[in-house]
Every structure is written in C-alpha cells, then in structure tokens.
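Down below is the structure, laid out as structure tokens.
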Amino acid sequence: MSARTALITGASRGLGLALARALAERGWQLILDARGEHALADAAAELGARTRVVAIAGDVTDREHRTGLAAAAAELGGLDALVNNAGALGPSPRPDLLDLAPEAFEALLRVNVVAPLAVTQAVAGALRPDARVLNVSSDAATEPYAGWGGYGASKAALEQLSAILAAERPDLRVYWVDPGDMRTQMHQEAFPGEDIGDRPPPEESAAALTTLLEGKLPSGRYTARAIAEIADSRA
C-alpha cells in the first residue's frame, strides 16, 4: 500500500507541529502549511529526516496559496487526511462582545470559518475514499465564556459547517474536535501575563487526533479527552 498522506494547516508550532511529528513517526507523508516561512522550514527540516514532507508557506485565506496546497496533494497521489488546524484568536486581551470591532470579527470569520471550508473545497478532488477531514474547534464553540464571543462564534460556525459536510459526504469521516487546554503560544495569548505552565503540552491532544485519523470512529464532534478514553477502553 502507498504511504498515507496528510495535509495539516498551521503546522509550524503548537498542536499542528505536534500532530505532524506524531504522524511522521507513523510513516505518514506530510503536506505542511503555515504563515511563518522560517518556522515552517525548521519543522520541515526536522520531519524530513523521518518521512516525505512538502512545506508550503502562506496564508490559508489566500486563494493562490490554497491552489498550491491542492497541487501538492495531487502530486502526492491524494490525501488520506486533511487537518484544518490553522486559526486565529482575535484581539488580545480578549474584548467583550460590545467592544469587539466588527472588522476584527470579520477577520476571525475569514480565518476560522471561511478558510477551512475553502481549503476543503480546494483539495476535495484529492481526498481518497474514506479520507478524514478534521476541523480543530474549541469548547468556546459550545460554552458562553465571557470575552470569548468572537472566537467562540467563529468556532461554532465551523462546527456547524463540519456537521453539514458530514451529512452531505457520508463517504468521508468528518470530525470537529475540541483539543482541550494546551500549553501553546495561542493559549498564552488568550491569557496574557498568566502562567499557563499547568496546561498539558499539545502532544497529548495530538495523540488523540492521531487516533481519530487512523481509526474508524464515525463522523461527529469529539473532545481529545473522550477520544483518549475510547482508546483506553479498547486497549
């Protein structure tokens, strides 16, 4: 069988990089995206020692960049997994809804909702039978946390898009996943000035996502904790 191939957006740090490392160890070929060219190059150099890696720096909100990702997917023979991980937090410190500038909210929607759908549309022709589409969400999509209105609303929209995609494309496994709190740069930006050293590293959530990408769970919403519990119960 040919090697499995995954496209991961936002893969130069945090959860995206942790997942890329986990999949590389398991023999997956990788197409990696991130806005930071130097950080992405460093990630590609590290992971390229373990597996085939194609790194394409750019912004997922840019049509030309998405076309490049689709071309890479076709060149590698198709995708077994698409992970829409790239996202934005919005202004930090996080403003209340009545103080959230409409322009800032529109920017969040472009990155967290429109871009994942557009990336999925761009690579749809390269998705192999029973491919996984995994959209990274948040508990802010379902819980009314003060100060999280813009981000939470964008993730709630992403979850609804995911649910509809799952209904429209039963030939795919579509997952929308809350990875939980993690010790990442984005999480630190959400809590400026606070010590987030007690949060677990992103590798813990990446292990749960790997279980989804390699398993047979049905389409739906999952949390990293629930996936770990399912894996433990089947061990």
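The values are calculated or read from the model by the stated rules, or taken from the named source; none is laboratory data. Note that the coordinates shown come from a computational prediction; the quantities given were computed from them, not determined experimentally. Because the Cβ atoms are built from the backbone with ideal geometry, glycine has one as well, and the counts that use them run over all protein chains shown.
Summary of computed values
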quantity: Residue under evaluation residue 18, criteria (1) buried (at least 22 other Cβ atoms within 10 Å of the Cβ); (2) of a type outside the set (Ser, Thr, Tyr); (3) at pLDDT below 95, criterion not met; calculated: (3)
quantity: Residue within region 117-138 that is in a helix (DSSP H, G or I) and of a type in the set (D, E, K, R) present; calculated: no
quantity: Condition broken by residue 133, with the remaining ones in (1) surrounded by fewer than 21 Cβ atoms within 10 Å (Cβ to Cβ); (2) closer than 23 Å to residue 222 by Cβ satisfied; calculated: (1)
quantity: Among residues of region 21-52, those that are out of contact with any helix residue (DSSP H, G or I) (no Cβ under 8 Å at 6 or more places or on another chain) and touching a residue at least 60 places away in the same chain (Cβ under 8 Å), counted; calculated: 0
quantity: Residue match in region 160-168 (condition: among the β-branched types (Val, Ile, Thr), farther than 24 Å from residue 35 by Cβ and either surrounded by 20 or more Cβ atoms within 10 Å (Cβ to Cβ) or free of Cβ contacts under 8 Å to residues at least 24 places away in the same chain (or both)); calculated: yes
quantity: Identity of the residue in region 37-58, surrounded by fewer than 17 Cβ atoms within 10 Å (Cβ to Cβ) and not aliphatic (A, V, I, L, M), that ends up farthest from residue 10 (Cα to Cα); calculated: 50
quantity: Qualifying residue in region 88-102 (condition: under 30 Å from residue 26 (Cα atoms) and in contact with a helix residue (DSSP H, G or I) (Cβ under 9 Å, 6 or more places away or on another chain)); calculated: yes
quantity: Number of the condition not met by residue 42 [criteria: (1) under 21 Å from residue 155 (Cα atoms); (2) more than 18 Å from the chain's Cα centre (by Cα); (3) not aromatic (Phe, Trp, Tyr)]; calculated: (1)
quantity: Qualifying residue in region 175-186 (condition: in contact with a Gly (Cβ under 8 Å, 6 or more places away or on another chain), more than 18 Å from residue 86 (Cβ to Cβ) and surrounded by 14 or more Cβ atoms within 10 Å (Cβ to Cβ)); calculated: yes
quantity: Lone unmet requirement of (1) surrounded by fewer than 14 Cβ atoms within 10 Å (Cβ to Cβ); (2) in a helix (DSSP H, G or I); (3) of a type outside the set (Asp, Glu) for residue 200; calculated: (2)
quantity: Boolean, residue 106 is of a type in the set (D, E, K, R), without any contact (Cβ under 8 Å) to a residue 12 or more places away in the chain and either out of contact with any Asp or Glu (no Cβ under 8 Å at 6 or more places or on another chain) or outside any helix (DSSP H, G or I) (or both); calculated: yes
quantity: Pairs, first farther than 16 Å from residue 15 by Cα in region 64-93, second at pLDDT below 95, C-beta under 6 Å, six or more apart; calculated: 92/189; 92/192; 93/192
